[in-house]
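Note sheet for the following structure.
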Amino acid sequence: MQLPLSAMALTMVVTRRPIAVAAAGAVSGWFTVYPYDLLWRGPLIPFFAGMLLVGPFALLAIKGALEGRKFWIPGIAFGAVGLIAVHPSLAFVVLPLLVFWFISAAIRRRGRILGITIYLAVAGVLAVILGLPIIQQMLKESERVSKMVWAPDTDRNGAIQNIIFLHHGSMAMPILTAMVAVGCLAAVLRIRMWWYFGPVLAFAFLSVYTMGSDSPRFLNLTAPFYDDQWRIFGILVMLLVPLAGLGVAQAAEAAEWLVARIRRRRSSGADTGDDSRRRPRRLVTVGAAFVVLLVAGVAATPYFKQNAERININTKVDGATLSSSEVDLLSHMDQYVPQDATVLNDSCDGSVWMYALGNRMPMIRHFEVLPTNRQLLVLQKLPELVTDQAAREAASELGIEWVYIADGRIRAWDEPKPGLTHPDSVPYLKLVKREGNAALYHIDWSELPGGKAAFDAASKDRVQLDGVPGILENRNPDGIAPLGRIC
């Protein structure tokens, strides 16, 4: 429900034509990169959720500024804070929209531009005051974010083709391309919509260079998005949804014009413009829009199938990733595990949420992060610590005394790690707590060669980072295991 409503709000910013608004809501779920590629990729779920807020926020700010609604100013300010709190880089999505709209308003509404400027300035200052802690944290993270670089996966010509046919790692979508093209033509014919080409072309330009080039000149422009071509292209496609809706409306109006012309020829009379003639014309427009959407929807059936396959990547075969039992155990983890401990985990069973739920640190903290060689060794050979010295030393260096195991899966195809499949048959693994399908174990190092003394001796190599319990400084990185995606 939120996706079409958000697309409709964004279309309201561009045009207030009801058919265009309704059509944008209808086609908002047809695009593959937006929303599905962003939705099924776990790290992008907050970004996707924030993108759904862009349209409503822009509509709130622009409508409030145009109508001078003073009591909306706190709502706009809180909305801006909420937007960047969901995902900070969304500020760089909203700003181009508002800047290009403001330039258009300054040209077309010269007599009211002072009031609009003051209105938005007051809302912006209030937003900065309310969101100062978040903004300060954003600035701290900016240096790290700016160093993230994603390699291009095509050349510049390939990137342009991706944009024209609205695909990036998926099938081409000529049906939607045609709808967007007609929408662009409709916008060209209406000067008050020209401003919208500004943000569209800006993100199209960035998409070309993130997909098809590794030029350092553009890294600063894309740094707010981690130089991530998926996010930038997703933003572009989101901005194209209103143009697709506008294309449907334009096609419907063209059909209505054609029908009216045929009627006039048949009746050999002029259109008087009275309501008796206007009502049938409206029905023709609505009917034509419905037919266009129906035909385009039937032709776009392969897109829907592809989108369903994308979503099914996350389909669970054994229920939720985190059952109520798992949530309960993770939430009470601090009753059993010391604060500075690191808990051995299979990130694909949902245990990456251990820190959020129970304030204890899992060994692997993101379900798509690849384990290092030491971590992988322990995950594979936990039952062999007695006989495998390398695995035992790896567990000691990582400070592993606690083990969390559950049978929920992030993705349906993933198999449990070999070392975590039969924990109850391992003599030195002592069950501490079991909740349904989740269990917490403690490694009794006294039963292993070298005993607890050998484990404690390895602590000299474990450097705790200040203020982050369970996070160790890796002074001698041992490499990432060449496994591809972990889940």
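The values are calculated or read from the model by the stated rules, or taken from the named source; none is laboratory data. None of these values were measured; they are calculated from a predicted model. Glycine also receives a Cβ, built like all others from the backbone with ideal geometry; neighbour counts cover every protein chain displayed. Each accessible area value is taken on the protein alone, full model and side chains, heavy atoms only, with ligands, DNA and RNA left out. Shrake-Rupley method; radii C 1.70, N 1.55, O 1.52, S 1.80 Å.
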Of the residues 55, 106, 82, the Cα lying farthest along the dipole of the range 1-107 towards its positive end, which is defined by charges on the beta carbon of Lys, Arg, Asp and Glu, belongs to 106
Mean separation of Cα contacts under 8 Å (at least 6 apart) over the residue count of the range 10-145, i.e. the relative contact order in percent, is 25
Taking Cα pairs closer than 8 Å and at least 6 residues apart, the relative contact order of the range 373-419 in percent is 48
Highest mean packing first, using Cβ neighbours within 10 angstrom, the peptides 105-114, 292-301, 436-445 sort as 436-445, 292-301, 105-114
Under the 7 Å Cα-to-Cβ spin-label approximation, residue 432 and residue 265 lie apart by a distance in nanometres of 8.3
In whole Å, largest first, the alpha carbons of the range 287-370 cover along the principal axes 66, 26, 22
Around residue 171 (Cβ within 13 Å, Cβ-to-Cβ, excluding residue 171; K/R +1, D/E -1) the net charge comes to 0
Over the range 326-419, with neighbouring protein chains present, the accessible area per residue in Å² at probe 1.4 Å is 37
Taking a ≥ b ≥ c as the square roots of the eigenvalues of the Cα gyration tensor, with a/c under 1.5 meaning rounded and otherwise prolate when a/b exceeds b/c and oblate if not, the range 78-186 is oblate
Distance in nm between residue 214 and residue 164 label points, each 7 Å along Cα→Cβ, equals 2.7
Distance in nm between residue 201 and residue 157 label points, each 7 Å along Cα→Cβ, equals 2.4
In debye to the nearest 20, the charge dipole size for the chain, taken about the Cα centre with +1 at each Lys and Arg Cβ and -1 at each Asp and Glu Cβ, equals 3640
Taking the chain and counting helices only, DSSP H stretches of n ≥ 4 at -39,500 (n - 2.57) each over all residues, the nearest-500 ellipticity at 222 nm comes to -18000 deg cm²/dmol
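Residue separation times 0.36 nm, minus the C-alpha to C-alpha distance between residue 425 and residue 386: what's the value?
Difference between extended and current length: 12.7 nm.
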Filtered pair list for the chain (Lys only, Cα < 24 Å, 8 or more apart or interchain) has a length of 12
Dimensionless Rg/Rh of the chain, both radii on Cα and Rh by Kirkwood, sits at 1.08
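What do you get when you divide the Cα radius of gyration of the range 376-431 by 2.2 N^0.38 Å, with N the number of residues?
Taking the Cα Rg and dividing by 2.2 N^0.38 Å, one obtains 1.16.
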